[in-house]
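Please read the structure below before turning to the comments.
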């Protein structure tokens with residue numbers, strides 16, 4: 001991944017975190033990694049554990065950010081989430097998968113969209 005993409009992704013995650021905090025989310029993990037993949041943010045929203053995928057783009061030229069999450073990516077996130085739940089002994093906890101889609105357009109400004117329950121555990 002190029003340096004610009006990494007920088008853009010990091011900026012998107014920081015903006016997403018601030019946005020989620022303003023919505024009442026309590027962030028408990030950032031960039032949770034396993035050998036299977038990574039979850040950008042893990043948070044509680046009320047009593048629900050939320051696994052959050054952040055997608056950032058600079059324009060809509062190649063579609064909306066949330067459209068870039070493939071079925072394979074959803075499976076990876078699900079697998080990592082299952083490992084997280086097992087490692088933290090959180091059996092039976094209510095959880096869901098949200099997506100924060102950002103467009104960071106230097107001329108038109110920032111657009112942030114929260115998609116709750118974006119997909120189900122695979």
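The values are calculated or read from the model by the stated rules, or taken from the named source; none is laboratory data. Just so it is clear, the model here is predicted, and its values are computed rather than measured. Cβ atoms come from the backbone with ideal geometry, glycine included; neighbour counts cover every protein chain shown.
Quick check: is even one residue across the range 2-19 farther than 25 Å from residue 106 by Cβ and in contact with a strand residue (DSSP E or B) (Cβ under 6 Å, 6 or more places away or on another chain)? No - not one qualifying residue is present in the range 2-19.
Any residue that is touching a residue at least 24 places away in the same chain (Cβ under 8 Å), within 18 Å of residue 16 (Cα to Cα) and surrounded by fewer than 17 Cβ atoms within 10 Å (Cβ to Cβ) - is there at least one of those in the range 31-40? Scanning the range 31-40, I find at least one residue that is touching a residue at least 24 places away in the same chain (Cβ under 8 Å), within 18 Å of residue 16 (Cα to Cα) and surrounded by fewer than 17 Cβ atoms within 10 Å (Cβ to Cβ), so the answer is yes.
Consider the range 89-122 and keep the residues that are part of a loop (DSSP other than H, G, I, E, B) and within 18 Å of residue 75 (Cα to Cα). The one that is modelled with the lowest pLDDT is 122. With respect to the conditions (1) in contact with a strand residue (DSSP E or B) (Cβ under 9 Å, 6 or more places away or on another chain); (2) surrounded by 13 or more Cβ atoms within 10 Å (Cβ to Cβ); (3) farther than 24 Å from residue 104 by Cβ, residue 26 falls short on a single one, namely (2).
Taken as a whole, the condition of being in contact with a strand residue (DSSP E or B) (Cβ under 8 Å, 6 or more places away or on another chain), under 20 Å from residue 7 (Cα atoms), exposed (fewer than 15 other Cβ atoms within 10 Å of the Cβ) and without any contact (Cβ under 8 Å) to a residue 40 or more places away in the chain does not apply to residue 73.
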